[in-house]
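The values are calculated or read from the model by the stated rules, or taken from the named source; none is laboratory data. Remember, it's a predicted structure, so these values are computed and weren't measured experimentally. Cβ sites come from the backbone with ideal geometry, for glycine too, and all protein chains shown count toward neighbours. Ligands, DNA and RNA are stripped out before the accessible areas are found, and what is left, the full protein with its side chains, is counted by its heavy atoms. Shrake-Rupley method; radii C 1.70, N 1.55, O 1.52, S 1.80 Å.
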Amino acid sequence: ASGALASAALSAQAPGGGNGTIYYGTYDKKVLVIDEATMQVRDSMPVAIGIPIGLTLSTDRSKLYAIDAAFEKVETFDVASRKSLGSWTLSEGRSHVRMRGFNVDPKDRFAILMVKTATRRADRWEVGKNTLLKYDLARKVVTDTIPWPDGKEREFAQILFSPDGANM
């Protein structure tokens, strides 16, 4: 009887599901749209760039950015219509630019990327340093290279913005 009482007490204290939406990337190249309250899949979005490993929701929750498993391509989705708005990459030819950090400013104008480039040579791979880039989302171009704080390059970094986007 004491086990049943303890179980009933725990279930009474357990929090219920929220009222949000969960986006979950899958190996079959989809983003599942899951109702948090019921944990039921409501919809899915096919991903053209491959397996979606990293997902970033815009601050206004109107767009979802998916990064592929190779960390080279980004596909943008309109959350309301569940449709792809297109994709982009910085990789070109023999140079593979891998995104090791990614975030979009709160006004959805640009993204900050932490990247590392690997260029294939005839006899080796030439690997560059970690670099911070500012990427214009409308024009789809890199507009700036950002110096590391205090000149200290980092191997990993979480990119965060202030709510107004004035500081990173």
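The sole residue among THR89, THR131 that is within 21 Å of PHE161 (Cα to Cα) and either among the β-branched types (Val, Ile, Thr) or surrounded by 17 or more Cβ atoms within 10 Å (Cβ to Cβ) (or both) is THR131.
In the stretch 39-68, the residues that are touching a residue at least 40 places away in the same chain (Cβ under 8 Å) and basic (Lys, Arg) form Cβ pairs under 7 Å with partners that are part of a strand (DSSP E or B) and open to solvent by 10 Å² or more (accessible area, probe 1.4 Å), at six or more places apart or across chains, as follows: LYS63/THR76; LYS63/ASP78.
Taking the stretch 145-168 as the range and being without any contact (Cβ under 8 Å) to a residue 12 or more places away in the chain and in contact with a Phe, Trp or Tyr (Cβ under 9 Å, 6 or more places away or on another chain) as the test, only ASN167 passes. Return the total of residues in the stretch 46-86 being open to solvent by 60 Å² or more (accessible area, probe 1.4 Å) and aliphatic (A, V, I, L, M). Residues that pass the stated criteria total 5.
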